[in-house]
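Engineer: Quick one: this structure, given as structure tokens, is what I'll be asking you about.
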Amino acid sequence: MKPAPFVHHAPRTVEEAVGVLERVGHDGKVLAGGQSLIPILNMRLASPAHLVDINGVAGLDRVEVTDDAVRVGALVRHAGLESHEAAYAASPLLRRTVRHVAHPAIRNRGTTVGSIAHADAAGEMPAILALTDGLVEAVGPSGTREIPWHDFFLGALETSLAPDELAVAVRFPRLPAATGTAFAERARRHGDYAMAGVAAAVAVSDGVLTSARLSFVSVTDVPGVVDVTAAVHGQAPEEVDWAACDDLVRAHLTPESDIHATAEYRAMLATRLAHLTLARAASDSISSSAGGSAA
Amino acid sequence: MSEPVAEELLDVTVTVNDVPRHARVPARRLLSDFLRHDLGLTGTHVGCEHGVCGACTVLVDGAPMRACLMFAVSAQAHAVTTIEGLGTIEAMGPVQQAFTECHGLQCGFCTPGFVTTITAFLEDNPEPTQDEAREAISGNLCRCTGYQNIVKSVLRAAEIKAERS
Ligand SMILES: Cc1cc2nc3c(=O)[nH]c(=O)nc-3n(C[C@H](O)[C@H](O)[C@H](O)COP(=O)(O)OP(=O)(O)OC[C@H]3O[C@@H](n4cnc5c(N)ncnc54)[C@H](O)[C@@H]3O)c2cc1C
Ligand code: FES
Ligand code: FES
């Protein structure tokens with residue numbers, strides 16, 4: 001099917017883009033990579049009268065790595081984040097996860113900020129924004145504001161971004177030293193939306209676990225974080241029974257049934273993947289701090 | 001729901017297979033339809049129009065992308081390569097040659113998307129393993145061949161490419 005007619009706007013600056021968004025109000029939509037928006041337009045699930053195509057806006061295509069965070073601009077494609085060496089060094093979880101987003105042809109066009117602005121709890125990167133305690137930088141007619149992830153994701157495909165605001169970047173804070181990470185998901189076909197996915201961040205200090213946190217893909221309504229530290233604190237990674245986290249995990253999940261998997265199956269997958277990623281993140285913590293002290 | 005807007009025509013010029021091509025089209029013209037209907041380059045096939053099947057995959061500045069998930073107007077500053085740009089019957093590209101040798105196609109509907117995808121993949125990974133070859137084509141759907149011969153074609157294309165260089 002084909003999109004309904006719209007007026008195409010091609011601003012060159014953030015100010016111009018925000019100006020158009022302010023003028024057209026609820027009739028307007030930002031077009032970034034189009035990898036979620038264009039299917040919706042093609043299927044006529046939406047027919048905005050104005051598209052504000054930000055692909056020509058200067059200065060939005062950079063990944064910046066600072067002492068605190070990896071800052072990803074609104075035109076950085078998933079593939080650009082995936083191949084960014086400094087971003088990988090600062091926060092290996094980003095590459096480990098973004099390569100699970102769709103197929104290369106989609107990652108070459110779709111943006112990481114766009115997938116966060118789309119706020120699909122079946123998307124990988126919203127879960128990573130949550131796990132890293134990240135934030136969204138938005139510019140509107142009255143200036144710039146920073147929106148912490150927990151104030152950003154409001155519901156399924158719903159964010160606190162106003163219709164006249166442009167997300168110009170997201171910041172994924174670096175995790176504290178000695179934090180190990182892991183990501184795993186199961187999909188019907190590699191590259192498809194996951195039936196369930198889990199990201200884990202685990203810290204091991206003096207041979208015992210000091211913190212363990214999880215976030216989930218495709219099994220919650222809104223991206224969120226479960227802190228399972230209480231269930232495993234003070235135990236050695238090789239002796240810990242990860243199933244001790246299951247009650248905390250299950251209480252957080254709101255899986256749904258669809259043609260790919262039942263809700264029960266998704267919940268089972270998510271808990272098993274939680275065990276797997278917690279164990280992997282714990283060994284990642286040990287090997288990264290071993291590497292750190294040797295350096 | 002917003003009020004319907006009147007169709008507005010735009011002058012769009014896109015460099016396709018190294019030639020600047022122009023047409024006056026509505027803003028909503030998908031790149032896939034621009035190539036097929038406006039330029040007559042019907043090698044790019046359209047299956048699902050929501051990014052899932054990969055039949056419409058073209059190279060944009062050398063990187064595979066879905067032509068059904070881009071507007072022609074957004075492709076203006078870019079160089080697009082379609083299946084027509086990757087070889088002719090007289091002078092086939094390595095991937096096309098490999099598909100004929102390995103029986104990598106039956107009806108051929110999905111083939112243009114596979115050929116563009118594999119061409120870009122071999123640029124990054126000239127000596128893929130069988131598993132890598134399999135993963136590289138996982139974003140493209142074929143209803144006919146069961147993929148075995150397409151995987152063979154990827155590996156054979158890598159050989160042909162090496163032989164020719
Ligand atoms: C076949 C297929 C498979 C996919 N599989 C996955 C998958 O497994 N996991 C996954 O996470 N995603 C998947 N995706 C989606 C893909 O990751 C998209 O890249 C992403 O969801 C949206 O990014 P985009 O840049 O394409 O945004 P667009 O499609 O351009 O926009 C999406 C939404 O966000 C808004 N928006 C975008 N950028 C901004 C901004 N800067 N400021 C304000 N609003 C903005 C738009 O207005 C729109 O509402 C898949 C897509 C396809 C077609
Ligand atoms: S037609 Fe574009 S991916 Fe199916
Ligand atoms: S050869 Fe027929 S769909 Fe692939």
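The values are calculated or read from the model by the stated rules, or taken from the named source; none is laboratory data. Computed from a predicted model, the values in this text were never measured in an experiment. A quick note on method: Cβ atoms are made from the backbone with ideal geometry, for glycine too, and the neighbour counts reach across all protein chains shown. Side chains are part of the model used for accessible areas, which takes the heavy atoms of the whole protein and leaves out ligands, DNA and RNA. Shrake-Rupley method; radii C 1.70, N 1.55, O 1.52, S 1.80 Å.
Engineer: Any idea how far the Cα center of region A:38-100 sits from the one of region B:93-165, in Å?
Structural biologist: A separation of 29 Å, based on Cα centres.
Engineer: Run the numbers for A:THR13 and A:GLU64: contour at 0.36 nm per residue of separation, minus the present Cα-Cα distance, in nm.
Structural biologist: Values: separation 51, 0.36 × 51 = 18.36 nm, distance 1.92 nm.
Stretched out fully, the A:THR13 to A:GLU64 stretch lengthens by 16.4 nm.
Engineer: If I compute solvent accessible area with a 1.4 Å probe over the protein chains, what percent of it on the protein assembly as shown is carbon and sulfur?
Structural biologist: 52
Engineer: Also: What value, in deg cm²/dmol to 500, does the helix sum -39500 (n - 2.57) over DSSP H runs of n ≥ 4 give at 222 nm once divided by the residues of the protein assembly as shown? Can you show the working numbers first?
Structural biologist: Working: 16 runs with 148 residues, N = 460.
The helix contribution divided over the protein assembly as shown gives -9000 deg cm²/dmol.
Engineer: Right, something else. Nearest 0.05, what FRET efficiency do A:MET43 and B:GLU123 give at R0 = 30 Å with Cβ-Cβ as r?
Structural biologist: So, using R0 = 30 Å, E works out to roughly 0.35.
Engineer: Within chain A, which DSSP H helices have Cα atoms that stretch 30 Å or more along the helix axis and a mean Kyte-Doolittle hydropathy of at least -0.5?
Structural biologist: A:263-294
Engineer: Can you give the charge dipole size of region B:14-111 about its Cα centre, rounded to the nearest 20 debye, using +1 on the beta carbon of Lys and Arg and -1 on the beta carbon of Asp and Glu?
Structural biologist: It works out to roughly 380 debye.
Engineer: Counting DSSP beta bridges with both partners in chain B, what percentage is antiparallel, nearest 5?
Structural biologist: Taking every DSSP beta bridge within chain B, about 90 percent pair in antiparallel fashion.
Engineer: Excluding residues on the same chain fewer than 8 positions from B:LYS161, give the lysines whose Cα lies under 30 Å from its Cα.
Structural biologist: Within the straight-line cut-off, B:LYS161 pairs with B:LYS152.
Engineer: Oh, and also: Out of residues 5 or more away from B:ARG21 or on other chains, whose amide H comes under 5 Å of its own, with H placed 1.01 Å from N in the peptide plane?
Structural biologist: The answer is B:VAL14, B:THR15, B:VAL16.
Engineer: To the nearest 0.05, what FRET efficiency results for A:SER160 and A:ALA243 with a Förster distance of 41 Å applied to their C-beta separation?
Structural biologist: Rounded to the nearest 0.05, the efficiency is 0.70.
Engineer: What FRET efficiency do you get for B:GLU101 and B:ALA162 if R0 is 22 Å and r is their Cβ-Cβ distance, rounded to the nearest 0.05?
Structural biologist: 0.90
Engineer: Which of the DSSP-defined H helices in chain B satisfy a minimum axial length of 15 Å, computed from C-alpha atoms, and a minimum mean Kyte-Doolittle hydropathy of -0.5?
Structural biologist: Going by DSSP H runs, the hits are B:111-124, B:148-164.
Engineer: Just from the alpha-carbon atoms, what are the Rg and Dmax of region A:9-68 in angstroms?
Structural biologist: 13.6, 44
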